[in-house]
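Below is one structure, written out as structure tokens; the observations come after it.
The values are calculated or read from the model by the stated rules, or taken from the named source; none is laboratory data. All figures in this text were calculated on a predicted structure; none of them were measured in a lab. Neighbour counts run over all protein chains shown; Cβ positions are idealised from the backbone, glycine included.
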Amino acid sequence: MNNSVVNTARLLGAGLRALLVLTLVTGVVYPLVVTGVAQAFFPGRANGSEIKADGRVVGSSLIGQQDYGLDYFQPRPANGLGENSVNTQYKLILSGATNRSADNPELVAWVKAAKAKVVRDNSTADYKVEPSQVPADAVTSSGSGLDPDISPAYAELQVHRVAERNGLSVAQVENLVRSHAEGRTLGFIGEPRVNVLELNIAVRALVAKG
């Protein structure tokens with residue numbers, strides 16, 4: 001009986017030591033090492049890919065925003081976004097897709113309304129947008145509803161409006177779009193894109209220069 005108690009105590013002691021060691025390694029040492037490597041070699045990504053303007057953080061290059069006025073470039077629609085209706089103490093944004101099939105009447109109505117709005121908003125006194133010019137990403141939301149990028153085609157479609165409303169030349173705004181356009185990752189992954197927040201910060205800076 002005594003041997004059984006001693007053996008049990010030894011096993012419990014060994015288990016406790018293993019628990020403490022593994023807790024220290026996986027719960028303290030490993031996170032510190034990973035954090036240190038990330039901060040040393042990838043500080044921007046490790047901190048959330050923050051974008052700063054005027055000395056403060058205004059967003060992330062990974063998360064789209066929806067609160068731009070018509071003086072600036074518009075992002076993709078965000079029909080999949082919603083607000084938390086359970087815990088109303090906090091205004092939380094719920095990210096998701098619309099979950100509508102391609103032939104769903106509601107989705108078709110959304111797309112038609114979005115296309116009409118894009119044509120109306122981006123036509124200026126000197127430039128008329130044709131419905132055939134409107135690219136798909138201008139009238140459809142991404143799976144998350146938080147896509148930070150738009151296609152170069154959608155950015156170019158908005159150039160005349162942004163130029164007119166900010167007192168800039170079309171050439172100036174076109175240069176901004178070209179300078180902020182990115183190609184496919186590694187040359188073959190994804191699609192060419194323009195980050196909306198970064199582009200709008202550049203527009204604001206250009207306007208401030210006068």
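Of everything listed in (1) closer than 26 Å to ASN79 by Cα; (2) out of contact with any strand residue (DSSP E or B) (no Cβ under 9 Å at 6 or more places or on another chain); (3) in a loop (DSSP other than H, G, I, E, B), the single unmet condition for ALA125 is (1).
When VAL196, VAL159 are checked against the criterion of being in contact with an Asp or Glu (Cβ under 6 Å, 6 or more places away or on another chain) and of a type in the set (A, V, I, L, M), a single residue qualifies: VAL159. Checking each residue in the range 133-153 for being in contact (Cβ under 8 Å) with a residue 40 or more places away in the chain and not polar (S, T, N, Q) picks out ASP137, ALA138, VAL139, GLY143, GLY145, LEU146, ASP147, PRO148, ASP149, ILE150, PRO152.
The rows are residues; the columns are (1) over 21 Å from LYS112 (Cα atoms); (2) out of contact with any helix residue (DSSP H, G or I) (no Cβ under 7 Å at 6 or more places or on another chain).
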position	(1), (2)
GLN133	no, no
THR140	no, no
GLY143	no, yes
ASP147	no, yes
ILE150	no, no
ALA155	no, no
GLN158	no, no
GLU164	yes, yes
GLY167	yes, yes
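Looking only at the range 102-111, decide whether some residue is in contact with a Pro (Cβ under 6 Å, 6 or more places away or on another chain) and either outside the structural domain of GLN74 (by TED's automatic domain parsing) or free of Cβ contacts under 8 Å to residues at least 40 places away in the same chain (or both). No: the range 102-111 contains no residue that is in contact with a Pro (Cβ under 6 Å, 6 or more places away or on another chain) and either outside the structural domain of GLN74 (by TED's automatic domain parsing) or free of Cβ contacts under 8 Å to residues at least 40 places away in the same chain (or both).
Of all residues in the range 190-210, which are without any contact (Cβ under 8 Å) to a residue 40 or more places away in the chain and either in contact with a strand residue (DSSP E or B) (Cβ under 7 Å, 6 or more places away or on another chain) or part of a loop (DSSP other than H, G, I, E, B) (or both)? GLY190, GLY210 - these are the residues of the range 190-210 that are without any contact (Cβ under 8 Å) to a residue 40 or more places away in the chain and either in contact with a strand residue (DSSP E or B) (Cβ under 7 Å, 6 or more places away or on another chain) or part of a loop (DSSP other than H, G, I, E, B) (or both).
Quick one: which of GLY187, GLY145 is of a type in the set (Gly, Ala, Ser), within 19 Å of PRO135 (Cβ to Cβ) and not in a helix (DSSP H, G or I)? Can you show your working first?
Values: GLY187 fails: within 19 Å of PRO135 (Cβ to Cβ).
Answer to the selection: GLY145.
When restricted to residues that are surrounded by 19 or more Cβ atoms within 10 Å (Cβ to Cβ) and assigned to a helix (DSSP H, G or I), the range 128-142 contains 2.
The set of residues from the range 54-79 being hydrophobic (A, V, I, L, M, F, W, C) and either loosely packed, with under 11 Cβ neighbours inside 10 Å or at pLDDT below 85 (or both) comprises just one member, ALA78.
Taking residues in the range 25-53 that are in contact (Cβ under 8 Å) with a residue 60 or more places away in the chain, and partners anywhere that are in a loop (DSSP other than H, G, I, E, B), the pairs with Cβ atoms closer than 8 Å and at least 6 places apart or on different chains are ILE51/SER61.
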